[in-house]
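To keep things clear, I will list the structure first and then write my remarks on it.
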Amino acid sequence: MIIRKANISDATGIAKVHVDSWRTTYKGIIPQSFLDGLSYAQRTKLWENNISDKTNTIFVAENEGEIIGFVTGGTRNTNKEAGASDLTSIYLLEEWQGKSVGKKLLNQIMSTFLEQGYQKIYVDVLADNKTRLFYQYYGAEYVKTVQLNIAGKTVNEEIYVWNNVEKVIQRSK
């Protein structure tokens, strides 16, 4: 298994992980009709755009030529804080969760944030998503809860922050 920078030819593989991981991670959290309506083709186009956008940093986890996970980062338009950026997503196929792949992806994106001069990183996660425990384990601290509407359902989203990127890197080695 390797972690590497994503390229445009990875869009289809990333889209598959994105759709499949949403369907397993958000089952019972987001309306099933929304999850059923996710499309590999639509997500492939989304990821072609995301990869082409040089303000995004995207890494993939690849095992024997198959993309099994990805992580993305970049400063959101809503983040006006100097010296801060955002971990915008991290997804793994369900069968690869709990096998240190997420830890390796987190380490890679945090190392990149550090190289870019960031020390403070925000991440948003649905309150009912167990991934928040992963972020907490690596030192993310709760900031606040906001409400979102996804497919007609109001859900709570928790915002966390890492105030010291170097500590996250050390912990995720």
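The values are calculated or read from the model by the stated rules, or taken from the named source; none is laboratory data. Note that the structure is predicted; figures quoted are calculated from it, not measured. Reconstructed Cβ throughout: ideal geometry from the backbone, glycine too, with neighbour counts over all protein chains shown. Remember, those area values only see protein heavy atoms, side chains included, never the ligands or the DNA or RNA. Shrake-Rupley method; radii C 1.70, N 1.55, O 1.52, S 1.80 Å.
Taking region 51-73 as the range and being open to solvent by 40 Å² or more (accessible area, probe 1.4 Å), touching a Ser or Thr at 6+ places or on another chain (Cβ under 8 Å) and within 23 Å of Ile2 (Cβ to Cβ) as the test, only Asn56 passes. Where strands (runs of 3 or more DSSP E) fall entirely within region 1-106, those with at least 3 residues that are free of Cβ contacts under 8 Å to residues at least 60 places away in the same chain are at 57-63, 66-73, 84-92.
Just one of (1) more than 18 Å from Thr72 (Cα to Cα); (2) at pLDDT 95 or above; (3) outside any strand (DSSP E or B); (4) not charged (D, E, K, R) trips up Asn156, so point out which. For Asn156, the exception is condition (3). Assess whether Glu141 counts as being without any contact (Cβ under 8 Å) to a residue 12 or more places away in the chain, open to solvent by 60 Å² or more (accessible area, probe 1.4 Å) and acidic (Asp, Glu). So Glu141 does not fit the description; no. Screening the candidates Thr88, Thr44 for the property of being farther than 16 Å from Leu126 by Cβ and polar (S, T, N, Q) yields one hit, Thr44. The set of residues from region 112-130 being surrounded by fewer than 17 Cβ atoms within 10 Å (Cβ to Cβ) and in a helix (DSSP H, G or I) comprises Leu114, Glu115.
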